[in-house]
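Computed from the coordinates by the stated procedures, all read-outs in this text should not be read as laboratory data. This one's a predicted model, so the numbers in the text were calculated from it and none came from an experiment. Here the Cβ is made from the backbone with ideal geometry for all residues, glycine too, and neighbour counts use every protein chain on show.
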Amino acid sequence: MQKIGKYEVTREIGQGASSTVYLGRDPFAKRDVAIKVVFPQILKDPERGKLYTHLFLNEASLVGKLNHPHIVQIYDAVVADALCYIVMEYVPGGTLEMFCGEKKLLPVERVVEIIFKCTRALDFAFRLGITHRDIKPANILIVGNDASSGDIKISDFGAAITADVDHTQVSGIGSPAYMSPQQVKELTLDHRTDIYSLGVVMYQMLTGQLPFQASNNYNMVYQIINTPPTAVSQLRKNIPAAIDGIVSKAMAKDLEDRYQTWEEFAHDLAQAFRNKAVKAPTREFAESEKFDTLRALPFFNDFSDVEIWEVVRFSQWRNVPPAEVIMHDGEPGDFFCFLAEGELKVTKNGKILNLLTAGDCFGEMAVISKATQLRGADVVALTESKVITVRGETLKRASETCRMHFYQSFLEVLANRLTLANQRLAAF
């Protein structure tokens, strides 16, 4: 069996202008990997060698830094006289390119969810001082064989600029059709160039065509700088006005008219589900809505985005009608809940002990207490409510940092309750 370093090579899975990508196996970590091989003669090319070297070393410098569920992880990089290669997470399933044609468009709600996940991943990179600079469908991978559900991962950070190096342009990097006006003008760039490019990706996935089409790069650049794109709602029926506005703002030519932060972009995408402008996927709650809801709850203030995504995956969400009993007094408790929307009452023997509103955590004592795992009261919905449930066994299987943040937040909840109890006692 052929080897590249310690990695066993299975087969070739792709080729680029300067590299070949192989499916390999890490015998020590016991996982499949993608190995991008760049041969030294390409790096030494008299015309393009400097650019290829820049791209390779740029991506290699990110080993171990981009640990996010929606970014392809870079595990290893080797620079040697005979061979240069980067070892990455292997993501089966192809890219978003296959869903950018008019005959194979995804549902609008699925496109919104994919773009939302991209905003969270690119915000994570931005907080590390990294701007991707080459966002396009070919660099967004689908996890698994079913494009109608599941995750995506952003790849190929070779063209990235980092805060601790410089923000200047390097000619020859990027795909013209997805470049922002600032990028085609070769101006100093920041994360807002990625916001524009992701807007173009969203436009193409919704309509099956690029916002600007030209026979040569000169005409393409002219349109990017000067020509307003046709609204997506004019190219595809039943596109809500809210989605039209989101795409338009992401692709604003003037920097000040564009989304200024990834949070703003993500918030508007999540609101499209909340306001029912876009119907939620068949799962009832879109993952973008779940993430945005958890991120806004004070309980999760100290959780990283990565940990929030972990909670999204293991929590259960449901709409509860008025008068439904969510927890019964005296019954065993193997789960706790958060109230995302609505109002609940806590009662004991018919007497109201407390009212719960959005953001409140309840039922955790029966899960974390060793003395008793029985409920101490009934919890009943007063209004239609949105309840998030986490099971005790599931929490035990969560990552160590995620569990730590749960327990820290539990302590804060208990401290606040004790303070309120003391204040009430002092009032008598």
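May I ask you to order 380-387, 353-360 by the average number of other C-beta atoms within 10 Å around their residues, highest value first?
Taking the mean over residues of other Cβ atoms within 10 Å, the ranking is 380-387, 353-360.
When Arg110, Arg133 are ordered from fewest to most other Cβ atoms inside 10 Å of their Cβ, what list results?
Sorted ascending by nearby Cβ count, the order is Arg110, Arg133.
Let me know the volume per residue of the alpha-carbon convex hull for the chain, in Å³.
Convex hull volume per residue, Cα atoms: 180 Å³.
Show me the chymotrypsin sites (Phe, Trp or Tyr not before Pro) within region 1-100 that DSSP assigns to loop and that have at most 12 other Cβ atoms within 10 Å of their Cβ.
Filter output for region 1-100: Phe28.
Exposure proxy check: Val33, Val91, Val9 ranked by fewest other beta carbons within 10 Å?
Listing Val33, Val91, Val9 from fewest to most nearby Cβ atoms yields Val9, Val91, Val33.
Could you list log10 I(q)/I(0) for region 311-427 at q = 0.16, 0.20 Å⁻¹, which the Debye formula gives when each Cα is one point scatterer?
Debye output, listed in q order: -0.80, -1.24.
Rank these for me by crowding, Arg236, Arg192, going from fewest to most other beta carbons within 10 Å.
Fewest to most other Cβ atoms nearby, the residues stand as Arg236, Arg192.
At a Cα cut-off below 25 Å, give the lysines reachable from Lys386, other chains included and same-chain residues fewer than 8 away excluded.
Lys117, Lys276, Lys279, Lys290, Lys345, Lys348, Lys351, Lys396
What is the helix-to-structure angle for 262-274, meaning the angle in degrees between its Cα long axis and the longest Cα principal axis of the chain, kept from 0 to 90 and rounded to the nearest 10?
Between the helix axis and the principal axis of the chain, the angle is about 60 degrees.
Using a simple charge model, +1 on the beta-carbon of Lys and Arg, -1 on the beta-carbon of Asp and Glu, nothing else, what dipole does the chain show about its Cα centre, in debye to the nearest 20?
Its charge dipole is roughly 560 debye.
From the alpha carbon gyration tensor of region 1-74, can you work out the equivalent ellipsoid semi-axes (sqrt of 5 times each eigenvalue) and give them in Å, largest to smallest?
23, 17, 10
Using only Cα atoms, find the angle between the long axis of helix 305-314 and the longest principal axis of the chain, and express it within 0 to 90 degrees, rounded to the nearest 10.
So the helix axis and the longest Cα principal axis differ by about 60 degrees.
Taking the dipole about the Cα centre of region 235-391, with the C-beta of Lys and Arg at +1 and of Asp and Glu at -1, give me whichever of Ser315, Thr383, Ile243 is farthest to the positive side.
After comparing all options, I get Thr383.
Any idea what angle helix 192-207 forms with the longest principal axis of the chain, computed on alpha-carbon atoms, 0 to 90 degrees, nearest 10?
90
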